[in-house]
Every structure is written in structure tokens, then in C-alpha cells.
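Chemist: Please see the structure below; I have some questions.
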Amino acid sequence: MVKEFACPCGSQQTYSNCCGLVHADIKAAKCPEQLMRARYCAYAKGNISFVLLSQKLAHSAPDEAEQSRAFAAQSEFISLRILNAPRAKQNSGQVEFMALIKQGQQLIQLHELSNFKRDQGVWYYSGGDAKFNELN
Ligand SMILES: [Zn+2]
């Protein structure tokens, strides 16, 4: 596979066969892990409208769009590692992941336990417990 076409979420699939499907239609995420990968990938690609859509059930700040856009613009999304993605219950699920992000020269490790809820058959991010560690 040509590296340029690999999905940023690290799945080893092409973007169009992976998170691209979810970005085109959020209903394509069949489980919390797929939505989580697609959120990471949306940040990596600067697709803020997908980020906002995917968290419509979460409490968000009035300037959420601006904050998300600034975070995406300042950050280089280096890698994503799913640590734990237990099989979801009917309408709720959790995913624990570690993401490596670079802001300027600063390498940051984001370790988060994310919560997901299913509303009318569609998975959404509903909030998370995030820890940011500066690595250098
Ligand atoms: Zn992907």
C-alpha cells in the first residue's frame, strides 16, 4: 500500500475504506472504536465539522468550534493506539486510547477514557477523561 493513502488512525486501511466512510456518513461507525478512530482522524485532517457532529451529545463550550479548530491547526497527529475497546453495551460504550501529538517542538501524549452513547442507532462521543503528558 502506498503510505500517503494510509488512514491517519493507523488501521492499515486506506482512508477511503476506513475513517473516510464514517466522515462521509456518521452512521457508518458501527461501534465506539470506529467513531473514536474517525474523531482522531477528523482532527488530523482538520475536519472540524465532523468533530462537532460526533460530539453533539457532549457538553460543549460556546467557542467549541474555534477551540477545536485551533487545537487541530496547532497539532500534528502522530499516532493513535487503542488500549481498550470493550464490546459496547446496547447504547453506551467506552474506549481507552493513547494519542501522540506534536505542538511545535513539544511532544504530548494524550491518554483518554472516552465515553460514547448511541442515539437512534448512531454512535456519538459523549465526553471523556483526558490526561495530557508533555514528553520532552
Ligand atoms: Zn481510519
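The numbers here are math on the coordinates, done by the rules we state, and not lab data. The structure presented is a predicted model; accordingly, all values stated were derived computationally and were not measured. A quick note on method: Cβ atoms are made from the backbone with ideal geometry, for glycine too, and the neighbour counts reach across all protein chains shown.
Chemist: Just to be sure I understand, how many residues within region 22-32 are part of a helix (DSSP H, G or I) and either among the β-branched types (Val, Ile, Thr) or more than 10 Å from the ligand (Cβ to nearest atom) (or both)? Let's see the steps before the verdict.
Modeler: Of all residues in region 22-32, those part of a helix (DSSP H, G or I) come to 22-24, 26-28, 32.
Then drop every residue that is not either among the β-branched types (Val, Ile, Thr) or more than 10 Å from the ligand (Cβ to nearest atom) (or both), which leaves 22, 24, 26-28, 32.
The total comes to 6.
Chemist: Scanning for something buried (at least 18 other Cβ atoms within 10 Å of the Cβ), away from the ligand (no atom under 11 Å from the Cβ) and not in a strand (DSSP E or B), does region 11-21 turn up at least one residue?
Modeler: Scanning region 11-21, I find no residue that is buried (at least 18 other Cβ atoms within 10 Å of the Cβ), away from the ligand (no atom under 11 Å from the Cβ) and not in a strand (DSSP E or B), so the answer is no.
Chemist: Filter region 33-48 for residues that are among the charged types (D, E, K, R) and closer than 11 Å to Cys7 by Cβ; which is nearest to the ligand (Cβ to nearest atom)?
Modeler: Step one: of region 33-48, the residues among the charged types (D, E, K, R) are 33, 37, 39, 45.
Remaining after also requiring closer than 11 Å to Cys7 by Cβ: 37, 45.
Numbers: Arg37: 5, Lys45: 10 Å.
Within region 33-48, the match that is nearest to the ligand (Cβ to nearest atom) is Arg37.
Chemist: Looking only at region 77-93, which residues are assigned to a loop (DSSP other than H, G, I, E, B) and either on the phi > 0 side of the Ramachandran plot or surrounded by 11 or more Cβ atoms within 10 Å (Cβ to Cβ) (or both)? Step through it out loud before you land on a result.
Modeler: First, the residues of region 77-93 that are assigned to a loop (DSSP other than H, G, I, E, B): 85-91.
Those that are assigned to a loop (DSSP other than H, G, I, E, B) and either on the phi > 0 side of the Ramachandran plot or surrounded by 11 or more Cβ atoms within 10 Å (Cβ to Cβ) (or both): Ala85, Pro86, Ala88, Asn91.
Chemist: What are the pairs with Cβ atoms under 7 angstrom where one residue, in region 107-136, is in a strand (DSSP E or B) and the other, located anywhere, is surrounded by fewer than 15 Cβ atoms within 10 Å (Cβ to Cβ) and of a type in the set (Lys, Arg)? Sequence gap at least six, or different chains.
Modeler: His111/Lys131; Val122/Lys27; Tyr124/Lys56
Chemist: Among the residues that make up region 58-76, is at least one of them within 16 Å of Phe132 (Cα to Cα), under 15 Å from the mean Cα position of the chain (by Cα) and part of a strand (DSSP E or B)?
Modeler: The answer is yes, given that some residue of region 58-76 is within 16 Å of Phe132 (Cα to Cα), under 15 Å from the mean Cα position of the chain (by Cα) and part of a strand (DSSP E or B).
Chemist: Inside region 94-106, can you point out the residues that are polar (S, T, N, Q) and assigned to a strand (DSSP E or B)?
Modeler: Result: Gln94, Gln103, Gln106.
Chemist: Identify, by number, the condition in (1) assigned to a helix (DSSP H, G or I); (2) surrounded by fewer than 21 Cβ atoms within 10 Å (Cβ to Cβ); (3) in contact (Cβ under 8 Å) with a residue 24 or more places away in the chain that Ala38 doesn't meet.
Modeler: Looking at each condition in turn, Ala38 falls short on (2).
Chemist: All but one of (1) more than 15 Å from Asn115 (Cα to Cα); (2) within 16 Å of the ligand (Cβ to nearest atom); (3) without any contact (Cβ under 8 Å) to a residue 40 or more places away in the chain hold for Val51, so report the exception by its number.
Modeler: (1)
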